[in-house]
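**Q** Here it is, the structure in full.
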Amino acid sequence: MAFNSLVRGRNQATEAWSGIEVHLKRRYDLIPNLVETVKGYAKHESSTLEKVIQARNAAMNQGGTPGDHSAAENELGRSLKSIFALSESYPDLKANQNFIELQKEITDTEDKIQASRRYYNSVVLIFNNRTATFPSMIIAGMFNFAKLAFFELDEAEKAAVHQPVKVQF
Amino acid sequence: VNVYDQISSNSRKTVLILLVFPIALFVTLFLFAILFVKIEGARASITGEALQYTLMVFPWLSLVAFIWIAVSFYMGGSMILGMANAHRVTFEENRDLFRLVENTAIMAGLPTPEIYLIDDDSLNAFATGRDPQTGIVALTRGIVKKLDKDELQAVIAHELAHIGNRDTRLMIITVAGIGCFLFLGEILLRSAFRGAGRGRGRGSGKGTLVIIFLAVACFVFGYVIAPILRLALSRRREYQADATAAKITRDPDALARALKKIAINPRVEALDASPLVGNMCIANPAKPSFFRNLYCTHPQIEDRLAALGKMTGGSDSPQSSAPAGKAIW
């Protein structure tokens, strides 16, 4: 019984993690489009764009574990924020339909990353509790059920995505 | 209580109800058969003849009930939606709503349910579906318009909790089982009166009496089962769904605000005639009346608010008690 529930818990966590990966991947896919769109309007900002691309590639090349991903994804989130901040000083870009669409898509994807992350973390919490509490911890020790890592993102980033950056002139 | 415990407890209850239903039906029919035989005058033994009658009727009634429940199990969702005058929302029609539901489903770890809008300005919502894959969340136009994003998300999370806990499946089966017999009773009673009106006199008297007895038996079964339904669908499941919703959104406060707003006007006119469907809603959609309260499995909004308040209070109290502690020092 305890063994089964541990296996179930670990499978759930794996499934939840692949749920996050779907949305992370969608974000990677959207970024080149975004960069192309911004390039047309803001030619002098190539260093910012370069940074975004680098952050994206770094995040994409992360190994599978949530712990590795956290830092890279945080970096990517911050660099994306800088693109949206940059759009404030290019009214044409800000009014571009394509850009608006992409911004919406990316915001939605980030919401979904947050949502799936939350589910993943709650599943991991249940699993980790099982590996650390009495009857099941013995089984967990016998069969080497290791604790799983949470997927952490800073909440500041989420807040920044939700509230458009305020720029004063 | 763990979500998985809730699911298995609901699965057990579903099996139990499927077992109890035919047994209770048999007993009810048998008791009525005894009564009938006593009135008609028995030739041999009363119980023997009553058993004979019961065995004659029971297979047919169970067959009808079985088909009825099976049909509503697979199509119950669309039947209820039809009754409520709901229409499906596509991504193109309402992106914001669609995304909100999608994201809430992701948080709950469930597949995205189909979304339906009920054309009514009141505030209500319900969920149905035999399993999470066929889940449906229906919202009134009013609730989408009048609640803010967080509150609406809390309501959606509450409905998703019902789907995830398999409350909706248990609900479909019991509602269909009871509805079937009330419907049968009504049809039999009507045909008995029509029959009595047409062919008065020879021979038809006994047939009419049989039909009336059968109709009353159906009604009694339908209404006797109601208390069992109320037991099985204990009010706890609403608290449970509230708690799960609070856990999904991490915002019990938003749900409390939503419930307060809903309490002002939960009445959906399209659902007035179907009190059993009301059991599936977040708040009772029917006009309040004594008779309907018999079926109502919803706890008072005040009690639910109190339960939610404890959740927010629980997380707040360490902070609020800290200054007090300092003052003592």
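The values are calculated or read from the model by the stated rules, or taken from the named source; none is laboratory data. Model, not experiment: these values are computed from the prediction. A quick note on method: Cβ atoms are made from the backbone with ideal geometry, for glycine too, and the neighbour counts reach across all protein chains shown. Quick note on the areas: whole protein, heavy atoms, side chains included, nothing else; ligands and nucleic acids left out. Shrake-Rupley method; radii C 1.70, N 1.55, O 1.52, S 1.80 Å.
**Q** Identify, by number, the condition in (1) free of Cβ contacts under 8 Å to residues at least 40 places away in the same chain; (2) within 14 Å of another protein chain (Cβ to nearest Cβ) that A:I113 doesn't meet.
**A** If we test A:I113 against (1) free of Cβ contacts under 8 Å to residues at least 40 places away in the same chain; (2) within 14 Å of another protein chain (Cβ to nearest Cβ), just (1) comes out false.
**Q** Go through the range A:10-34 and give me each residue that's free of Cβ contacts under 8 Å to residues at least 40 places away in the same chain and basic (K, R).
**A** The answer is A:K25, and nothing else.
**Q** Can you find a residue that is in contact (Cβ under 8 Å) with a residue 24 or more places away in the chain and away from chain B (no Cβ under 14 Å) anywhere in the range A:120-128?
**A** The answer is no, given that none of the residues of the range A:120-128 is in contact (Cβ under 8 Å) with a residue 24 or more places away in the chain and away from chain B (no Cβ under 14 Å).
**Q** Moving on. Taking the range B:36-48 as the region of interest, how many residues are under 17 Å from B:G207 (Cβ atoms) and not aromatic (F, W, Y)? Walk me through how you get there before you give the answer.
**A** From the range B:36-48, those under 17 Å from B:G207 (Cβ atoms) are B:36-37, B:39-41; that's our starting set.
Narrowing the set further to residues that are not aromatic (F, W, Y) leaves B:37, B:39-41.
Of the residues in the range B:36-48, 4 are under 17 Å from B:G207 (Cβ atoms) and not aromatic (F, W, Y).
**Q** Quick one: which of A:L80, A:L49, A:L24 is open to solvent by less than 50 Å² (accessible area, probe 1.4 Å), out of contact with any Ser or Thr (no Cβ under 7 Å at 6 or more places or on another chain), away from every other protein chain (no Cβ under 14 Å) and under 30 Å from B:R250 (Cα atoms)? Steps first, please.
**A** Values: A:L49 fails: under 30 Å from B:R250 (Cα atoms); A:L24 fails: away from every other protein chain (no Cβ under 14 Å).
Every option except A:L80 fails the conditions.
**Q** Moving on. Of the conditions (1) loosely packed, with under 14 Cβ neighbours inside 10 Å; (2) within 14 Å of chain A (Cβ to nearest Cβ), B:L110 clears all except one; give me its number.
**A** (1)
**Q** Criterion first (crowded, with 16+ Cβ neighbours inside 10 Å, under 20 Å from B:N165 (Cβ atoms) and more than 14 Å from chain A (Cβ to nearest Cβ)) does B:G135 satisfy it? Can you show your working first?
**A** Working: crowded, with 16+ Cβ neighbours inside 10 Å: yes; under 20 Å from B:N165 (Cβ atoms): yes; more than 14 Å from chain A (Cβ to nearest Cβ): yes.
Yes; evaluated as a whole, the condition is true for this residue.
**Q** Under the condition of being in contact (Cβ under 8 Å) with a residue 60 or more places away in the chain and surrounded by fewer than 17 Cβ atoms within 10 Å (Cβ to Cβ), which residue from the range A:88-102 is farthest from A:A16 (Cα to Cα)?
**A** Narrowing the range A:88-102 to residues in contact (Cβ under 8 Å) with a residue 60 or more places away in the chain: A:88-89, A:98-99, A:102.
Still in the list and also surrounded by fewer than 17 Cβ atoms within 10 Å (Cβ to Cβ): A:88-89, A:98.
Numbers: A:E88: 36, A:S89: 39, A:N98: 32 Å.
Among those residues, the one meeting the criterion is A:S89.
**Q** Can you name the residue in the range B:63-88 that is crowded, with 19+ Cβ neighbours inside 10 Å and touching a helix residue (DSSP H, G or I) at 6+ places or on another chain (Cβ under 6 Å) and, of all such residues, is farthest from the other protein chains (Cβ to nearest Cβ)? Working first, answer last.
**A** Filtering the range B:63-88 down to residues crowded, with 19+ Cβ neighbours inside 10 Å leaves B:65, B:69, B:72, B:76-77, B:80-81, B:84, B:86.
Then keep just the ones that are touching a helix residue (DSSP H, G or I) at 6+ places or on another chain (Cβ under 6 Å); that gives B:65, B:69, B:72, B:76, B:80, B:84.
Numbers: B:A65: 35, B:I69: 30, B:S72: 31, B:G76: 28, B:I80: 28, B:A84: 28 Å.
Out of the qualifying residues, it is B:A65.
**Q** Here is a further query. Working only within the range A:103-144, note down all residues that are of a type in the set (A, V, I, L, M, F, W, C) and crowded, with 20+ Cβ neighbours inside 10 Å. Write out each step before concluding.
**A** Pass one, the range A:103-144, residues of a type in the set (A, V, I, L, M, F, W, C): A:106, A:113, A:115, A:123-127, A:132, A:134, A:137-140, A:142-143.
Once the filter is applied, which keeps residues that are of a type in the set (A, V, I, L, M, F, W, C) and crowded, with 20+ Cβ neighbours inside 10 Å, the range A:103-144 yields A:I106, A:I113, A:A115, A:V123, A:V124, A:F127, A:A140.
**Q** Then there's this: Quick check on A:A85: is it small (G, A, S), open to solvent by 30 Å² or more (accessible area, probe 1.4 Å) and more than 29 Å from A:A146 (Cα to Cα)?
**A** Working: small (G, A, S): yes; open to solvent by 30 Å² or more (accessible area, probe 1.4 Å): yes; more than 29 Å from A:A146 (Cα to Cα): yes.
Against the criterion (small (G, A, S), open to solvent by 30 Å² or more (accessible area, probe 1.4 Å) and more than 29 Å from A:A146 (Cα to Cα)), A:A85 qualifies.
**Q** Further question: So B:L117 fits all but one of (1) in contact (Cβ under 8 Å) with a residue 40 or more places away in the chain; (2) surrounded by fewer than 23 Cβ atoms within 10 Å (Cβ to Cβ); (3) away from chain A (no Cβ under 14 Å); (4) among the aliphatic types (A, V, I, L, M); what number is the exception?
**A** (1) is the only condition that B:L117 fails.
**Q** Follow-up question, since we're still on this one. Give all pairs with beta carbons closer than 9 Å in which a residue from the range B:83-101 that is within 12 Å of B:P113 (Cβ to Cβ) meets a residue that is open to solvent by 60 Å² or more (accessible area, probe 1.4 Å) and of a type in the set (D, E); count only pairs at least 6 apart in sequence or on separate chains.
**A** Note: pairs meeting the criteria are B:R88/B:E114; B:V89/B:E114; B:F98/B:E92.
**Q** B:V15: in a helix (DSSP H, G or I) and touching a helix residue (DSSP H, G or I) at 6+ places or on another chain (Cβ under 7 Å), yes or no? Give the steps one after another, and end with the answer.
**A** Working: in a helix (DSSP H, G or I): yes; touching a helix residue (DSSP H, G or I) at 6+ places or on another chain (Cβ under 7 Å): no.
Considered against the rule, which asks whether it is in a helix (DSSP H, G or I) and touching a helix residue (DSSP H, G or I) at 6+ places or on another chain (Cβ under 7 Å), B:V15 comes out as no.
**Q** Taking the stated definitions as given, is A:T37 over 21 Å from the mean Cα position of the chain (by Cα) and either more than 12 Å from every other protein chain (Cβ to nearest Cβ) or in contact (Cβ under 8 Å) with a residue 12 or more places away in the chain (or both)? Lay out the reasoning, then the answer.
**A** Details: over 21 Å from the mean Cα position of the chain (by Cα): yes; either more than 12 Å from every other protein chain (Cβ to nearest Cβ) or in contact (Cβ under 8 Å) with a residue 12 or more places away in the chain (or both): yes.
Spelling it out, A:T37 is indeed over 21 Å from the mean Cα position of the chain (by Cα) and either more than 12 Å from every other protein chain (Cβ to nearest Cβ) or in contact (Cβ under 8 Å) with a residue 12 or more places away in the chain (or both).
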